[in-house]
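Everything below concerns the one structure shown next.
The values are calculated or read from the model by the stated rules, or taken from the named source; none is laboratory data. Since this is a predicted model, take the numbers as computed values, not measurements. Every residue, glycine among them, receives a Cβ derived from its backbone with ideal geometry; neighbour counts consider all protein chains shown.
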Amino acid sequence: MEKLKPKLFSVMKTYTKQQFIKDVVAGIIVAIIALPLSIALALASGVTPERGLYTAIVAGFVISFLGGSRVQISGPTAAFATIVAGIVARQGMAGLAVATLMAGVILIFMGLLKFGRLLRYIPYTITTGFTLGIAVTIFIGQIKDFFGLTFQTSPVETMEKLLECVHSIASLNLSALVIGALSLAILILWPKLNHRIPASLIAVLAASAVVKLFNMEVNTIGSLYEISSKLPEVQVPRVSFAIVKSLIPDAVTIAILAGVESLLSCVVADGMIGSKHRSNMELVAQGAGNIFSSLFGGIPATGAIARTAANIKNGGRTPIAGMVHSITLLLILVVLMPYASLIPMPTIAAILFMVAYNMSEWREFVELVKKSPKSDILVLLTTFALTVIFDLVVAIEIGILMAAVLFMKRMAEVTDVQQWKDAEDETGEDDLNDPENIRLKKVPSHTIVYEINGPMFFGAADKFMNISLNSSVKIVILRMRSVPAMDVNALHSLRSVWKACKKKHITLLFSHVQEQPLHMMKKAGFDKEVGVENFCENIDRALERAENLEKLLRRPGKDVADKEKAV
């Protein structure tokens with residue numbers, strides 16, 4: 001069983017001075033990468049720049065300290081940008097703090113209840129759909145700053161922002177476009193020249209210098225926001241039942257996103273370093289990190305795949321690197337934050353364009369559209385469209401509902417109730433070598449055998465009612481060796497079959513009932529209703545009992561019930 005123990009406490013047993021040096025270097029490099037990203041993602045989320053750093057500092061440190069991964073780097077990510085912006089627009093920073101706090105509590109409970117492995121069952125079509133949807137939403141949200149447009153209104157919804165961009169195209173600022181294009185070119189070309197120094201840092205320095213030297217009329221962070229270099233302070237949000245009730249969908253969405261993205265990042269990291277993370281401990285750590293982030297003025301946090309990969313590539317191998325990354329950002333906040341006011345907004349937009357492109361997974365999206373069944377494509381496109389047109393909460397709710405209905409439909413389709421005489425198409429070599437093959441068994445006269453294949457649940461319950469009970473039938477055998485599970489609806493259908501058999505004086509036998517269905521039958525007392533003796537361990541015993549019953553039923557005297565009891 002997976003330990004609920006932070007990785008930090010495990011790796012410190014064999015920690016060395018050499019590894020400490022590598023972790024410090026990796027932590028500093030990751031902090032330099034995280035600096036412009038944290039600011040950009042904070043602005044994309046509709047909050048002030050320093051709140052992105054608060055998140056990386058506080059949540060990043062707590063999650064590294066408590067986390068279930070050796071190398072995970074956590075902080076603000078693009079996945080939360082749209083949902084955070086929506087919460088801030090509706091409920092303000094107080095509402096965001098409560099939603100983040102609630103999400104943290106949910107994540108802790110998910111970890112304590114061992115939900116770490118369950119999150120991987122969220123369909124790939126849904127995660128791919130809303131990931132591309134978030135990327136498109138971020139891209140649309142940055143068009144205004146990249147082109148230096150002047151909006152007449154302050155739209156909140158993505159489609160409203162897009163329409164406002166079209167209406168305001170005449171206000172295009174050529175200076176802003178030049179700076180945006182320069183920044184974007186650096187972000188694309190610099191990694192081909194140098195992998196060690198982050199392209200986003202070079203873009204920020206170069207664009208800020210150009211704007212300052214040529215005194216260009218371009219909006220900067222300082223011209224739009226009040227920059228604070230204060231240390232994060234504890235800010236306990238006011239909580240009321242009404243606020244909690246209204247924020248439950250947002251909190252659940254934040255928790256699911258944080259859980260999925262952090263565990264996905266852990267899986268990627270495991271493959272890079274040959275380690276194995278503790279998924280439930282990671283969920284607890286993510287929950288604690290988000291709680292502390294909300295109390296110190298931050299926004300939701302989760303594992304960041306790109307920053308985690310950078311940590312690994314630069315030698316980080318323990319949670320110490322993530323903690324150094326947070327401490328470095330804290331020093332930058334105090335010493336260098338005032339200089340962030342010089343960063344041009346088109347540069348921030350260009351950085352977010354690259355973030356949106358890198359997270360979009362558009363190739364996977366196209367591949368799914370080309371090669372997936374139509375029903376899966378429908379889920380994919382619906383989740384994508386709802387994310388862009390409405391919001392992430394609606395997209396995930398509808399997407400999961402559609403995926404669940406689709407799953408039930410498919411399970412119902414694979415569940416089959418087949419009479420043995422209809423199964424003569426089993427001609428494969430494997431079937432001939434199977435000692436339990438239908439054609440190798442002798443079925444007594446007046447007996448019919450039905451083979452049930454697949455799970456028995458409410459979606460397929462009607463198939464069990466197709467069992468023929470004509471006047472010549474005296475015994476019905478239900479072979480259930482291929483039924484892994486059943487629900488109460490299926491049990492109700494079986495009880496209806498048994499009552500119909502009883503009414504026509506037909507004996508109902510069960511063959512090879514697996515553990516879960518048998519447990520449910522016993523719990524409901526169905527085995528005693530049918531008769532414990534009518535549950536046979538395999539088809540041979542069921543056929544043997546059927547033959548003995550038929551011989552007994554042919555004898556004169558006594559009624560059917562008495563003869564059955566005699567067997």
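Has the stretch 249-266 got any residue that is acidic (Asp, Glu), surrounded by fewer than 19 Cβ atoms within 10 Å (Cβ to Cβ) and touching a residue at least 24 places away in the same chain (Cβ under 8 Å)?
No.
Residue-wise test of (1) hydroxyl-bearing (Ser, Thr, Tyr); (2) crowded, with 24+ Cβ neighbours inside 10 Å.
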site: SER45; (1), (2): yes, yes
site: VAL71; (1), (2): no, yes
site: THR100; (1), (2): yes, yes
site: ILE106; (1), (2): no, no
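Please work out which one of (1) under 30 Å from LYS374 (Cα atoms); (2) modelled with pLDDT under 80; (3) not acidic (Asp, Glu) is the condition MET408 fails and give its number.
The one condition MET408 does not meet is (2).
Provide a single number: the residues in the stretch 160-180 that are over 15 Å from ILE343 (Cα atoms) and aliphatic (A, V, I, L, M).
Residues flagged as over 15 Å from ILE343 (Cα atoms) and aliphatic (A, V, I, L, M) within the stretch 160-180 amount to 7.
Determine which single condition THR153 fails, assuming it passes every other condition in (1) β-branched (Val, Ile, Thr); (2) touching an Asp or Glu at 6+ places or on another chain (Cβ under 9 Å); (3) modelled with pLDDT of 95 or more.
(3)
What number of residues within the stretch 92-137 satisfy the criterion of being without any contact (Cβ under 8 Å) to a residue 24 or more places away in the chain and over 17 Å from the mean Cα position of the chain (by Cα)?
Here the count works out to 1.
Regarding GLY129, is this residue at pLDDT 90 or above, touching a Gly at 6+ places or on another chain (Cβ under 9 Å) and either surrounded by fewer than 22 Cβ atoms within 10 Å (Cβ to Cβ) or assigned to a helix (DSSP H, G or I) (or both)?
yes
Taking the stretch 57-78 as the region of interest, how many residues are of a type in the set (S, T, N, Q), at pLDDT 95 or above and in a loop (DSSP other than H, G, I, E, B)? Step through it out loud before you land on a result.
Step one: list which residues in the stretch 57-78 are of a type in the set (S, T, N, Q), which gives 64, 69, 72, 74, 77.
Okay, now just the ones that are also at pLDDT 95 or above, so 64, 69, 72, 74.
Imposing the further condition that a residue be in a loop (DSSP other than H, G, I, E, B) reduces the set to 69, 72.
Number satisfying all stated conditions: 2.
Checking the conditions here, which among GLY60, GLY95 is surrounded by 24 or more Cβ atoms within 10 Å (Cβ to Cβ), assigned by TED's automatic domain parsing to the domain that holds ALA304 and in contact with a helix residue (DSSP H, G or I) (Cβ under 8 Å, 6 or more places away or on another chain)?
On the way: GLY95 fails: surrounded by 24 or more Cβ atoms within 10 Å (Cβ to Cβ).
From the options GLY60, GLY95, the qualifying one is GLY60.
Which numbered condition in (1) under 26 Å from ILE248 (Cβ atoms); (2) out of contact with any Leu (no Cβ under 9 Å at 6 or more places or on another chain) is the only one that GLN72 fails?
(1)
Among the residues of the stretch 141-148, is there at least one that is farther than 30 Å from ARG307 by Cα, surrounded by 15 or more Cβ atoms within 10 Å (Cβ to Cβ) and over 35 Å from the mean Cα position of the chain (by Cα)?
no
If you scan the stretch 261-273, which residues turn out to be over 9 Å from GLY303 (Cα atoms) and either basic (Lys, Arg) or at pLDDT 90 or above (or both)?
Once the filter is applied, which keeps residues that are over 9 Å from GLY303 (Cα atoms) and either basic (Lys, Arg) or at pLDDT 90 or above (or both), the stretch 261-273 yields ALA269, ASP270, ILE273.
So TYR54 passes all but one of these: (1) assigned to a helix (DSSP H, G or I); (2) at pLDDT 95 or above; (3) closer than 20 Å to ALA310 by Cβ. Which condition number does it fail?
Going through the list (1) assigned to a helix (DSSP H, G or I); (2) at pLDDT 95 or above; (3) closer than 20 Å to ALA310 by Cβ, TYR54 breaks only (3).
Taking the stretch 191-200, which residues are crowded, with 17+ Cβ neighbours inside 10 Å and either among the hydrophobic types (A, V, I, L, M, F, W, C) or part of a helix (DSSP H, G or I) (or both)?
Answer for the stretch 191-200, where residues must be crowded, with 17+ Cβ neighbours inside 10 Å and either among the hydrophobic types (A, V, I, L, M, F, W, C) or part of a helix (DSSP H, G or I) (or both): ALA199, SER200.
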